[in-house]
Amino acid sequence: MITFDFSNRVAVVTGAGGGMGRQIANIILEAGGSVIMIDVKPEPGDLGGTPDQRLYAQGDLTEPEFVNATIAAGVERFGHIDYLANVAGVLWFEHDASLLDMDMAVWDQVFDINLKSMVHMARAVVPHMREKKSGAMVHFSTTQCLRGDPLPQDAYSTAKAGVGALSRSLAMQLAGDNIRSNAIYPGLTQTPLQARWDTPEKIAEAGSFVPLGRIATPAELATAAVFLLSDGASYITGIDLVVDGGLLLK
Ligand SMILES: NC(=O)c1ccc[n+]([C@@H]2O[C@H](COP(=O)([O-])OP(=O)(O)OC[C@H]3O[C@@H](n4cnc5c(N)ncnc54)[C@H](O)[C@@H]3O)[C@@H](O)[C@H]2O)c1
């Protein structure tokens, strides 16, 4: 287990009402940091830290006015911003399919949530990091965009491929301001996004595709993401970190 110290540090975490985002927020809160959390879902009841470390904003990340107002309120409350974890995303198995015949309104919505919302977040947060001449970001992609699938979710995969490009471009543009940016590519992970794995048999079957023999816990992904934000990763920028139990080896 890695021990982190986030005293006097302030993080923004999107998707904090979901599996991985909530874990990331909790690791930072328990290590003494303050966290601005954003999700369309209501605030989870099991957040760590104390109320003065937390600001939870319930709303839609595809609305730049909401994003900007939340970041302004967070800076007003905590004084500065050190980290951004762009975690929120959607995978709509029932609507997202082949680009050759899927509904293009769904395509646009998936891009707005999975990619453009990360642009809104970066545009809101980077000026505050530049002011401090330091910062770190981690953006959530997926291993799905690095391989083929006979039953595709093309909007999800294509938007998530853009997340890697966004991260590397920010890393290049912001290195001179001492701001790092990295992308993380989860494999199969047990979270509300994967509600389809709702029995021990289905969980075991999904795990049987993975060389390590099991699917990941949200905490395993959160730990990798928080490492990339932390000072322990101070010389790491512009990388694509795959955290998949070896899935891509196959
Ligand atoms: N779980 C997996 O197997 C897996 C695999 C690869 C990649 N990922 C990626 O990891 C990230 C975290 O996923 P998770 O598994 O924790 O999923 P999750 O569904 O538990 O969490 C995602 C959160 O994003 C929030 N969200 C969605 N749209 C939003 C919007 N417009 N505004 C604000 N909040 C919004 C949801 O309410 C949810 O709480 C996602 O980007 C996902 O695509 C997950």
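Full extension from Met1 to Leu248: what is 0.36 nm times the residue separation minus their Cα-Cα distance, to one decimal in nm? Mind dumping the intermediate values first?
On the way: separation 247, 0.36 × 247 = 88.92 nm, distance 2.46 nm.
Answer, rounded to one decimal: 86.5 nm.
Averaging the inverse of every distinct alpha carbon separation and then flipping it gives the Kirkwood radius. What is it for the range 10-245, in angstrom units? Spell out each step's value before the answer.
Numbers: mean 1/r = 0.0557 Å⁻¹.
Roughly 17.9 Å, rounded to one decimal.
With unit charges on the beta carbons (Lys and Arg positive, Asp and Glu negative) and the dipole taken about the Cα centre of the chain, which residue among Gly89, Phe140, Ser234 sits farthest to the positive side?
It is Ser234, whose Cα lies furthest towards the positive end.
At a threshold of 8 angstrom on Cα-Cα distance, excluding pairs fewer than six apart, so keeping six or more, what relative contact order does the chain reach in percent? Kindly include the intermediate steps, with their values, before the conclusion.
Numbers: 478 pairs, mean separation 47.8, N = 250.
Relative contact order for the chain comes out at 19 percent.
Taking H as built 1.01 Å from N, whose amide H comes closer than 5 Å to the amide H of Leu241, not counting residues under 5 places away?
Ala183, Ile184, Tyr185
For the chain, which whole-number percentage of the solvent-accessible area (1.4 Å probe, protein heavy atoms only) is attributable to carbon and sulfur atoms?
Numbers: 6480 of 11600 Å².
Result for the chain: 56 percent of the exposed heavy-atom area is carbon or sulfur.
Once the convex hull of the alpha carbons of the range 1-143 is built, what does its volume come to per residue, in cubic angstrom?
It is 127 Å³ per residue.
Describe numerically, in nm with one decimal, the distance between label points set 7 Å from Cα along Cα→Cβ at Ser208 and at Phe66.
4.1 nm
Report ³J(HN,Hα) in whole Hz for each residue of the range 107-118, in order, from the Karplus equation J = 6.51 cos²θ - 1.76 cosθ + 1.60 where θ = phi - 60°; Gly and Pro get x.
Values per residue, Gly and Pro as x: 3, 5, 5, 4, 5, 4, 6, 7, 10, 5, 4, 5 Hz.
On a C-alpha basis, how far is the centre of the range 133-203 from the centre of the range 40-110 in Å? Whole number, if you could?
15 Å
Helix-only mean residue ellipticity at 222 nm, the chain, DSSP H runs n ≥ 4 weighted -39,500 (n - 2.57), per residue, nearest 500. What is it? Each step should come with its number before you reach the end.
Working: 7 runs with 92 residues, N = 250.
That calculation yields -11500 deg cm²/dmol at 222 nm.
Using Cα positions and a limit of under 30 Å, work out the lysines in reach of Lys202, with same-chain residues fewer than 8 apart set aside.
Lys41, Lys160, Lys250
Under 14 Å from the 7 Å Cα→Cβ point of Asp46, by amide nitrogen: which residues of the range 147-190?
The answer is 190, whose backbone nitrogens lie closer than 14 Å to the label point.
The values are calculated or read from the model by the stated rules, or taken from the named source; none is laboratory data. Computed from a prediction, not measured in an experiment: that's the story for all the values here. Neighbour counts run over all protein chains shown; Cβ positions are idealised from the backbone, glycine included. We work out accessible area using only protein heavy atoms, side chains counted, and drop any ligands, DNA or RNA first. Shrake-Rupley method; radii C 1.70, N 1.55, O 1.52, S 1.80 Å.
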